[in-house]
Every structure is written in structure tokens, then in C-alpha cells.
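Before anything else, here's the structure in question.
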Amino acid sequence: MKIQEIEIYRLSIPMEPFVIATGTMDYAQNTFIKIITDTDLYGVGECSAFPMIVGETQNTCIAVAQDFAKIWKGKDPLAIEDRLAELHLYIAGNATIKSAFDMALYDLNAKAADLPLYKFLKGERREIITDITLGIATAEEMAEKALRLKEGGAFALKVKLGKKPQDDIARIKAIRQAVGFDIPIRVDANQGWSFEGAVEALQGLEPYKIQFCEQPMRTYNDHLLPELRTRTIVPIMADESVYNHHDAERLCKADACDYINIKFSKSSGIYEALKIQSVAAEYNIPCMIGGMLESRLALAAKVHFVYAAPNVKFYDLDTCMVGHLADPVIGGIQYDGYKISISDDIGIGADIQQEFLDKCEKWVI
């Protein structure tokens, strides 16, 4: 089998404005990859650029994707390690667009093996229930939305914070007053606090039964995470501090976190994500699977990964539930309320509607 050509699409999905500590998103800046072989099989992958977090834009993803396609053209897609190594050798970083190529490669390999991706990865099905995310707004607005979500059957709330500590404490206090204490609340500061601000915020949040806090500080403060853990009872989850399994080992060895959030847009895809969860397991550090603003296609790939990653214990797979105004996916992840499932179709079991792709900007290499 040889790669004949690769199609690259600007997969912009309109969405309601979504506010986090580092900016506002008005549409999902996604890129869709289709690897076409000289057989009747092809593989698909998707990534979602989040510039203020990972440092890539939709335009940089598309530009680098064209270079990747030239590197892979005419080569064997079944040699996963060789193909991914070529991307890392060509350019440092750029994990987001690498993850789309990684995903398409795994999709193609599972199809070639005539297996659903999770079975190709030697995984097993298990129950997955996602949380649901609240963007930053006033305390009153967030409390009202939290109550609506709870009444709608939400399993757990993930609340974006990272502004002034006292304002963030007021947000959580209002939410707890609205929803009570029988629903888990996770908070995500998206690197928004200084060390002093993190201490103030987390100590102030302690009465409100916080399951964990994601990424309280900038990554250059990683050396302060062990001390921060001694100053609060709120467990700390590393997110932007962990891009690869080397980062995971560094933080685990330093007792710098209680949990790790894995995202394909940071890990460069499934291959490295499996390594991260494995390293974390050696230190008894459970992981979460999260994302940026992917469609139900990439989310399906994440479920396949979770089935093969027993150390992933938390699920933040609501990215297309937080305001996507279009759903161009065929197959993919399915929601029953907040319970998640995928089919046993071969590969990822998802694709993008051709009529939607026809309206997208396209490159063919």
C-alpha cells in the first residue's frame, strides 16, 4: 500500500463565542486531512487549532500540512512509527497538525486490519460519561447556566476560571449555591493565575468541594507546582505543562501534580498519548482525555484511544457540545445525554459530509 495523495481542508465550524482566561473563540479553527492510498482505503484525521494555548493557527496548520503531505506521498502508511518520525524530524513542535496526520494514519491502519480502531489498539469498551464546560462570565450568569446544565442531566461541571482570584471564588460560590454539592465541579484556570494568585484562589475554593484544578499557572512556573500542592487541598491537574511523555515523567518525578490532562493537540496524536498515559500510570497519576474544539470525528478517535488507555479516568469530551452551530460529521461519537458511545465500524468510524467539504477551502498534494 502506498500513499497516493493527501487532501487538506479548512474545516471552519461556526460556534457561539466561547470565553476562557486567554481569549475568545468564535469558530472552531479545524483542519481535516484525508490520506488516499492506491487501494480502496483512505484515512481521515482532524485537529483543532487553539492559538492562545498551543501556538498554532488554522493557517499554520494548513501550511505545515502541505509540507507533511509532500513528505509522505508515495510512502507506506502502514509503517506508523516511520511516518510519524519523519514529521518530527522535519519540524519541531506543531503538535496540533501532527495529530491530524497521526489520526488519519491510525484510521487507515485499523481499516487495513479490518478492525475498529480501539480493537486495533487492543482496547476494550467501557462506560464513558463526559463533563460539560462553562465559559467565563459573571457569577450570576455562570450560576444560572450551571443550574440549567444540572437540571438537564449533567454528570460533572468543568468551570473556566483564571481571572482575579476573588472574582473566581465568587463565581464558584454562586455556582455551588445554585447547584448544591451533589455534582462534581472541576475548575480550569488555563494558566491564568500567578503563584500567589493560585494560592489565594485555591485556598478560597477549598470550601466548595472542587474535584481538581487544571493548570493554575503558566508553564514557566512548573517548578512551583510541588509547593502549590502543599498550600491547598485542591488536587492539581497538569494540562499545558504536559505535551509529551518526557513532560509527564518530569512532573511525576517532582510530585508536581495529582492528575494529567492528555490532548491530541498537545501530544501530536494517539501514538504519544498512549505513552503519556503509560508513564503516568507508573507513578499512579490518573489522566483525563480533553480537547480543544474538535468535531465528533476527532472525538470518536479519542474514545477509541480511551478504550486502549486504562489509566484515563476522567473524560472532557464535550467540545462539540459547547456551542458548535454545525455538525458535518457522518458517524463519529454519539451522545445519550452525557453518556458517550461509538460504533464498531472499522477505523475511527467517522467521516465528514462531502457537501460540507465541497464548501471548504481545499488543497491536494
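The values are calculated or read from the model by the stated rules, or taken from the named source; none is laboratory data. Worth saying up front: this structure is predicted, and the values here are computed from it rather than measured. Neighbour counts run over all protein chains shown; Cβ positions are idealised from the backbone, glycine included. Remember, those area values only see protein heavy atoms, side chains included, never the ligands or the DNA or RNA. Shrake-Rupley method; radii C 1.70, N 1.55, O 1.52, S 1.80 Å.
Return the inverse of the average 1/r over all pairs of distinct C-alpha atoms in the stretch 125-219, which is the Kirkwood hydrodynamic radius, in Å to one decimal.
So the Kirkwood estimate lands at 13.3 Å.
So which chymotrypsin sites (Phe, Trp or Tyr not before Pro) in the stretch 90-187 are both in a DSSP loop and have at most 11 other Cβ atoms within 10 Å of their Cβ?
Phe181
Averaged per residue, what accessible area in Å² does the stretch 165-307 show with a 1.4 Å probe, protein chains only?
33
Moving on to the next point. Round to the nearest 0.05 the FRET efficiency obtained for Gln203 and Ala113 when R0 = 45 Å and r is the Cβ-Cβ distance.
Efficiency for this residue pair is about 0.30.
Can I ask one more? Exceeding 32 Å between C-alpha atoms, which entries from my cross-link table qualify? They are Lys164/Lys362; Lys98/Lys158; Lys111/Lys266; Lys150/Lys302; Lys158/Lys362.
Those over the limit are Lys164/Lys362; Lys158/Lys362.
Separate question: How big is the antiparallel share of DSSP beta bridges in the stretch 1-159, given as a percent to the nearest 5?
90
Additional query: Between Arg218 and Leu357, how many nm apart are label points set 7 Å from Cα along the C-beta direction?
Inter-label distance under the simple model: 4.2 nm.
Given R₀ = 22 Å, FRET efficiency for Thr230-Glu196 by Cβ-Cβ distance, to 0.05?
The calculated FRET efficiency here is 0.90.
Using the charge dipole of the chain (Lys, Arg: +1 at Cβ; Asp, Glu: -1 at Cβ; taken about the Cα centre), state which of Pro216, Leu325, Leu41 has its Cα farthest towards the positive end.
It is Pro216.
Based on the alpha carbons, how large is the Rg to Rh ratio for the stretch 19-138 when Rh follows Kirkwood?
On the Cα set of the stretch 19-138, Rg over Rh gives 1.03.
Are there GluC sites (Glu not before Pro) in the stretch 44-144 that DSSP marks as loop and that have at most 13 other Cβ atoms within 10 Å, and which are they?
Passing both the DSSP loop test and the Cβ count: Glu124, Glu127.
Would you tell me the accessible area of Asp336, worked out with a 1.4 angstrom probe on the heavy atoms of the protein chains, in Å² to the nearest 10?
Counting only protein heavy atoms, Asp336 exposes about 120 Å² to solvent.
Also: Give me the net charge for the shell around Asp76: Cβ to Cβ below 12 angstrom, other residues only, Lys and Arg +1, Asp and Glu -1.
The answer is 0.
Extension gain Lys163-Leu147, at 0.36 nm per residue separation less the Cα-Cα distance, in nm?
3.6 nm
With only Lys, Arg, Asp and Glu charged, each at its Cβ (+1 for the first two, -1 for the last two), find how big the charge dipole of the stretch 10-162 is about the Cα centre; round to the nearest 20 debye.
My answer is approximately 100 debye.
A follow-up question, please. Counting every Cα pair in the chain, what percent are over 34 Å apart?
Roughly 23 percent, rounded to a whole number.
Determine which residues of the stretch 292-321 fall in the zone a paramagnetic label at Ser343 would reach in this model, i.e. backbone nitrogen under 18 Å from the point 7 Å along Cα→Cβ.
What the label zone holds, given the 18 Å backbone N cut-off, is 295-305.
So, with a 1.4 angstrom probe, what is the percent of accessible area on the stretch 116-173 that is carbon and sulfur?
Ligands and nucleic acids excluded, carbon and sulfur reach 51 percent.
Would you calculate the separation in nanometres between label points at Phe155 and Ala63, each defined as 7 Å from the Cα along the Cα-to-beta-carbon direction?
4.0
If you don't mind, there's one more thing I want to ask. What part of the accessible area of the stretch 219-326, given as a whole %, is carbon or sulfur when the probe is 1.4 angstrom?
Ligands and nucleic acids excluded, carbon and sulfur reach 51 percent.
Another question, then. Please turn the phi angles of the stretch 353-365 into ³J(HN,Hα) values with the Karplus equation 6.51 cos²θ - 1.76 cosθ + 1.60 (θ = phi - 60°), one per residue in order, whole Hz, x for glycine and proline.
Listing the rounded values in order: 4, 4, 5, 6, 5, 4, 8, 8, 5, 9, 10, 10, 10 Hz.
Could I have the simple spin-label model distance between Thr39 and Met321, label points 7 Å from Cα toward Cβ, reported in nm to one decimal?
Going from the Thr39 label point to the Met321 one covers 3.6 nm.
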